[in-house]
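S.K.: This structure is in structure tokens; I'll ask about it shortly.
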Amino acid sequence: MMEDLKAALAQAHAHDMAHGKAPEKHIPLIAIVTCSDTRSLEEDAAGAVLEELIRHEGWQPIDRVVVPDDKDAIARAIVRATDELDADVVLTCGGSGLSLRDVTPEATQMVCERNVPGIAEAMRAYSLRITPHAALSRALCMQRGRHLVVNLPGSVKAARENWDGIIPMLPHAISMMAGEGH
């Protein structure tokens with residue numbers, strides 16, 4: 001049945017291209033979950049910067065929330081963003097350092113099935129060119145179904161730097177998770 005669907009989609013794509021119609025380009029939907037005991041939504045400067053960066057790419061930020069540094073609260077926010085809001089990518093912001101309250105990676109592991117270590121490694125490698133403190137990041141990137149969850153740092157500077165380090169690979173990752181192949 002899946003092969004029939006793939007064949008029908010390929011045929012529809014070929015028909016559209018033959019008639020000069022470009023296929024609709026999927027605009028990635030991105031949710032931001034800031035993990036902090038000390039910030040409100042109004043004080044969430046890093047989340048606001050990420051929202052700007054998402055829009056700059058022509059993508060759609062669909063939600064931005066602040067939750068406490070609590071594994072269950074973070075896990076619920078990730079599940080809501082993927083399962084209810086259908087975000088292609090969930091960017092967590094904060095909670096990936098060495099403080100005992102930094103539990104974002106653990107919350108991510110609670111609700112995701114597959115590790116995508118290359119993206120987290122790319123963030124650290126990119127940031128290590130700027131600061132040796134990047135080595136202290138415990139950030140993860142994982143998949144929940146066809147959704148990507150990326151842990152970013154909570155400071156404006158570090159969130160921007162990490163975004164810059166992964167943005168070149170995100171469009172291809174989103175396409176692959178949507179079943180569009182390599």
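Please treat every number below as a calculation from the coordinates, not as lab data. Just so you know, these numbers come straight off a predicted model, no measurement behind them. FYI the Cβ positions are ideal-geometry reconstructions off the backbone, even for glycines, and counts take in every protein chain you see.
S.K.: Looking only at residues in segment 160-176 that are surrounded by 15 or more Cβ atoms within 10 Å (Cβ to Cβ) and over 12 Å from the mean Cα position of the chain (by Cα), which one is farthest from LEU91 (Cα to Cα)? Reasoning before the result, please.
M.R.: Applying the first criterion (surrounded by 15 or more Cβ atoms within 10 Å (Cβ to Cβ)) to segment 160-176 yields 160-163, 165-166, 170, 173-175.
In the following step, the residues that additionally are over 12 Å from the mean Cα position of the chain (by Cα) were identified as 160-161, 165, 175.
Values: ARG160: 12, GLU161: 14, GLY165: 14, SER175: 17 Å.
For segment 160-176, the residue satisfying everything is SER175.
S.K.: Which of (1) within 12 Å of the chain's Cα centre (by Cα); (2) more than 18 Å from ALA48 (Cα to Cα) is the odd one out, the single condition ARG138 does not satisfy?
M.R.: Just one mismatch for ARG138, condition (1).
S.K.: Same structure again: Kindly establish whether VAL156 is surrounded by fewer than 19 Cβ atoms within 10 Å (Cβ to Cβ) and either over 26 Å from SER40 (Cα atoms) or not charged (D, E, K, R) (or both).
M.R.: On the way: surrounded by fewer than 19 Cβ atoms within 10 Å (Cβ to Cβ): yes; either over 26 Å from SER40 (Cα atoms) or not charged (D, E, K, R) (or both): yes.
Criteria met by VAL156.
Results for (1) of a type in the set (S, T, N, Q); (2) surrounded by 13 or more Cβ atoms within 10 Å (Cβ to Cβ); (3) part of a helix (DSSP H, G or I), shown as yes or no for each residue.
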residue: SER96; (1), (2), (3): yes, yes, no
residue: ASP102; (1), (2), (3): no, yes, no
residue: GLU106; (1), (2), (3): no, yes, yes
residue: GLN109; (1), (2), (3): yes, yes, yes
residue: ALA120; (1), (2), (3): no, yes, yes
residue: ARG124; (1), (2), (3): no, yes, yes
residue: ILE130; (1), (2), (3): no, yes, no
residue: HIS133; (1), (2), (3): no, no, yes
residue: LEU148; (1), (2), (3): no, yes, no
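S.K.: Is it true that some residue in segment 66-83 is under 19 Å from ALA173 (Cα atoms) and in contact with a Ser or Thr (Cβ under 9 Å, 6 or more places away or on another chain)?
M.R.: Step one: of segment 66-83, the residues under 19 Å from ALA173 (Cα atoms) are 78, 81-83.
Next, from what is left, pick out any that are in contact with a Ser or Thr (Cβ under 9 Å, 6 or more places away or on another chain): 78.
Yes, some residue in segment 66-83 is under 19 Å from ALA173 (Cα atoms) and in contact with a Ser or Thr (Cβ under 9 Å, 6 or more places away or on another chain).
S.K.: Let me ask another. If you go through segment 67-94 one residue at a time, how many are surrounded by fewer than 22 Cβ atoms within 10 Å (Cβ to Cβ) and touching an Asp or Glu at 6+ places or on another chain (Cβ under 7 Å)? Give the derivation first.
M.R.: Just the residues of segment 67-94 that are surrounded by fewer than 22 Cβ atoms within 10 Å (Cβ to Cβ), to begin with: 68-73, 75-76, 79-80, 83-86.
This time we only want the ones that are touching an Asp or Glu at 6+ places or on another chain (Cβ under 7 Å), so: 68-69, 71, 85.
Final tally of qualifying residues: 4.
S.K.: Among ILE62, ILE32, which is the only one that is in contact (Cβ under 8 Å) with a residue 24 or more places away in the chain, among the β-branched types (Val, Ile, Thr) and either assigned to a loop (DSSP other than H, G, I, E, B) or in contact with a Cys (Cβ under 9 Å, 6 or more places away or on another chain) (or both)? Working first, answer last.
M.R.: Working: ILE62 fails: either assigned to a loop (DSSP other than H, G, I, E, B) or in contact with a Cys (Cβ under 9 Å, 6 or more places away or on another chain) (or both).
Exactly one of ILE62, ILE32 is in contact (Cβ under 8 Å) with a residue 24 or more places away in the chain, among the β-branched types (Val, Ile, Thr) and either assigned to a loop (DSSP other than H, G, I, E, B) or in contact with a Cys (Cβ under 9 Å, 6 or more places away or on another chain) (or both), namely ILE32.
S.K.: In segment 117-144, which residues are of a type in the set (S, T, N, Q) and more than 14 Å from ASP164 (Cα to Cα)?
M.R.: Keep residues of segment 117-144 that are of a type in the set (S, T, N, Q), which gives 127, 131, 137, 143.
Result: THR131, SER137, GLN143.
S.K.: How many residues does segment 71-108 hold that are closer than 13 Å to GLN143 by Cβ and either among the small types (Gly, Ala, Ser) or free of Cβ contacts under 8 Å to residues at least 40 places away in the same chain (or both)? It would help to see each step written out before you state the result.
M.R.: Let us first name the residues in segment 71-108 that are closer than 13 Å to GLN143 by Cβ, namely 78, 82, 87-90, 108.
With the extra rule that they be either among the small types (Gly, Ala, Ser) or free of Cβ contacts under 8 Å to residues at least 40 places away in the same chain (or both), the set shrinks to 87.
Qualifying residue count for the region: 1.
S.K.: So how many residues does segment 57-98 have that are among the polar types (S, T, N, Q), over 17 Å from GLY154 (Cβ atoms) and touching a Lys or Arg at 6+ places or on another chain (Cβ under 9 Å)? If you could, list the steps in order and put the result at the bottom.
M.R.: In the first step, residues of segment 57-98 are kept if they are among the polar types (S, T, N, Q); the result is 60, 82, 92, 96.
So of that shortlist, the ones also over 17 Å from GLY154 (Cβ atoms) come out as 60, 82.
Going one step further and asking which of them are touching a Lys or Arg at 6+ places or on another chain (Cβ under 9 Å), we end up with 82.
Here the count works out to 1.
S.K.: Check off (1) out of contact with any Ser or Thr (no Cβ under 6 Å at 6 or more places or on another chain); (2) in a strand (DSSP E or B); (3) under 18 Å from ASP44 (Cα atoms) for GLN143 and give me the number that stays unchecked.
M.R.: Going through the list (1) out of contact with any Ser or Thr (no Cβ under 6 Å at 6 or more places or on another chain); (2) in a strand (DSSP E or B); (3) under 18 Å from ASP44 (Cα atoms), GLN143 breaks only (3).
S.K.: Out of VAL111, VAL116, VAL150, VAL156, report the one residue that is touching a Leu at 6+ places or on another chain (Cβ under 6 Å) and in contact (Cβ under 8 Å) with a residue 24 or more places away in the chain.
M.R.: Values: VAL111 fails: touching a Leu at 6+ places or on another chain (Cβ under 6 Å); VAL116 fails: touching a Leu at 6+ places or on another chain (Cβ under 6 Å); VAL156 fails: touching a Leu at 6+ places or on another chain (Cβ under 6 Å).
Of VAL111, VAL116, VAL150, VAL156, the one residue that is touching a Leu at 6+ places or on another chain (Cβ under 6 Å) and in contact (Cβ under 8 Å) with a residue 24 or more places away in the chain is VAL150.
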